[in-house]
1. If you wrap a convex hull around the C-alpha atoms of segment 109-156 and split its volume per residue, what is the figure in Å³?
2. Mind scanning K115/K350; K147/K224; K206/K350; K115/K356; K152/K290; K147/K350 and naming the pairs with a C-alpha gap bigger than 32 Å?
3. Return the sequence-ordered ³J(HN,Hα) values of segment 251-262 in whole Hz as given by the Karplus equation 6.51 cos²θ - 1.76 cosθ + 1.60 applied to θ = phi - 60°, using x for Gly and Pro.
4. What is the ratio of the Cα radius of gyration of segment 1-158 to 2.2 N^0.38 Å, with N the residue count, to two decimals?
5. Under a Cβ-Cβ cut-off of 12 Å, what is the net charge of the residues other than K64 that fall near it, where Lys and Arg count +1 and Asp and Glu count -1?
6. By the gyration tensor of its Cα atoms, with a ≥ b ≥ c the square roots of the eigenvalues, what is the shape of segment 1-64: rounded for a/c under 1.5, prolate for a/b over b/c, or oblate?
7. Near the amide H of G218, under 5 Å away, which other amide H atoms are found, from residues 5 or more places off or on another chain, if H is placed in the peptide plane?
8. In square angstrom, rounded to the nearest 10, how much accessible surface does R102 have for a 1.4 Å probe?
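The values are calculated or read from the model by the stated rules, or taken from the named source; none is laboratory data. Just so we're clear, the structure is a prediction, and the values are computed from it rather than from any experiment. Methodologically, a virtual Cβ is constructed for each residue, glycine included, from the backbone with ideal geometry; neighbour enumeration extends over all protein chains shown. Just so you know, the surface numbers come from the protein's heavy atoms only, side chains and all, with ligands and any DNA or RNA stripped out. Shrake-Rupley method; radii C 1.70, N 1.55, O 1.52, S 1.80 Å.
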Amino acid sequence: MVVWGDTIAAIATAPGRGGVAVVRVSGSEAFSIAERLTGIRDQGPGIRVGRIANVDEGVILFFKGPHSYTGEDVVEFQCHGGTVTPRRVLEACLAAGARLARRGEFTERAFLNGKLDYDQAESVLDLVDAKTARAADAALEGLSGRKRRELKSLYDSALDLSTRLEHALDVDEGELADDYVRELGSQISDLRSRISGALRRANEGKILREGALVVLAGPPNAGKSSLMNALLEENRAIVSDIPGTTRDSIEEWLDLDGWPIRLVDTAGLRTSQDEVEGEGVRRAEDLIAKADLVLWLRNSEAGEPLNGSIAQLLNRLTSQPLNLSTKCDLVRGPGLNVSAKTGEGLDELKREIVAKLKEKAETSVVDLPEGNFVALREALTLLETGEGQETGEGRQEEDLVLTANAVRAAAERLGAAIGVTYSSNLLDNLFSRFCVGK
């Protein structure tokens with residue numbers, strides 16, 4: 001059971017060998033615990049140096065609430081790194097009256113104390129998990145409050161439109177300017193475009209946050225492992241002329257122009273009596289079905305037809321695979337010609353992958369239980385319904401009522417998106433994804 005107002009402690013730095021480790025304490029007893037561990041009584045905000053719990057010499061930082069990360073009194077003990085010393089300092093904090101923090105509890109307290117809104121809390125997690133500079137920059141934008149300001153602007157516009165539509169319903173049609181309703185229709189269309197843009201940026205953010213799953217697929221001996229090594233610029237996958245060498249999928253992270261890529265080499269797709277290879281083929285098919293982008297490799301020398309089941313699988317993909325002809329240093333084929341041996345076509349391939357990911361961000365739909373994306377999608381659908389009503393002269397009153405109802409409901413969804421309410425499940429789902437010391 002969580003008791004708000006109690007004092008929590010955790011190691012806030014990554015485990016392992018290092019020069020400095022940080023043990024963070026937050027809550028009403030933070031300063032008292034620091035005095036018990038250090039003997040320091042002059043506890044105004046600032047930096048002190050002293051002995052910590054008779055286990056180390058270090059730096060002690062005092063942050064007086066509400067001017068701290070959590071909004072509470074916070075003390076950070078900067079001790080020597082490693083495994084033993086930070087653990088001993090934490091144990092001393094717990095013995096002095098703190099309890100061990102739950103995952104993400106420091107940021108959760110910052111949220112509950114009004115130091116961060118929901119989007120900013122998500123951005124903290126995104127920044128910690130960022131795998132490329134582009135992903136880190138996107139997280140910093142979210143941490144600055146840009147996403148909330150954008151959503152607030154959308155909500156204000158929807159609320160204004162709803163008010164003006166209600167006014168149109170309350171007066172006689174003759175009292176309205178000739179172009180009043182037509183102008184409202186134009187503004188609904190503009191708001192719909194702005195929400196579509198917000199969703200597109202959300203899609204891009206999802207790719208930056210989670211990484212795009214890019215799968216190398218094709219028949220045996222098509223050059224998948226060689227191409228993976230060439231893209232990674234290291235010998236990660238075993239390369240052999242013997243078909244069926246890759247029995248299981250191999251995954252590595254790749255940074256392409258700031259886009260984090262989960263690059264996966266898969267088993268060659270063919271019918272096999274070998275049980276192990278057959279399992280590898282099944283796993284490859286599962287990855288292809290889940291992929292954000294499939295790179296379909298064909299050996300230019302072979303020109304073999306697609307297996308019927310594989311052709312059906314590729315046809316079911318939400319985005320078309322990028323067709324590659326490998327080993328173009330020997331024979332050129334259809335699609336983009338690449339050679340892992342000479343490097344021909346690799347730069348063009350990287351540009352094509354980035355272009356495909358940008359296209360996916362433009363067209364894909366985010367459907368996440370957390371965050372604001374569901375509310376945005378629902379608001380967009382409602383506005384599309386409202387915009388679909390007739391506009392201009394001769395408009396029936398019932399059409400105007402339908403439009404007003406759609407815009408009012410869209411404003412309510414956008415209100416939810418800027419944090420009118422938060423469910424406990426929503427908050428638990430977010431903060432449980434943090435590390436303990438955050």
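1. Convex hull of Cα atoms, per residue: 65 Å³.
2. K115/K350; K147/K224; K115/K356; K152/K290
3. Computed from phi, the couplings for segment 251-262 are 10, 9, 8, 9, 9, 10, 6, x, 8, x, 10, 8 Hz.
4. Relative to the rule-of-thumb radius for its length, segment 1-158 sits at 1.15.
5. On the way: positive: none; negative: E72, D73.
The answer is -2.
6. In terms of gyration-tensor shape, oblate.
7. L269, L297
8. Spelled out: R102, probe radius 1.4 Å, area about 80 Å².
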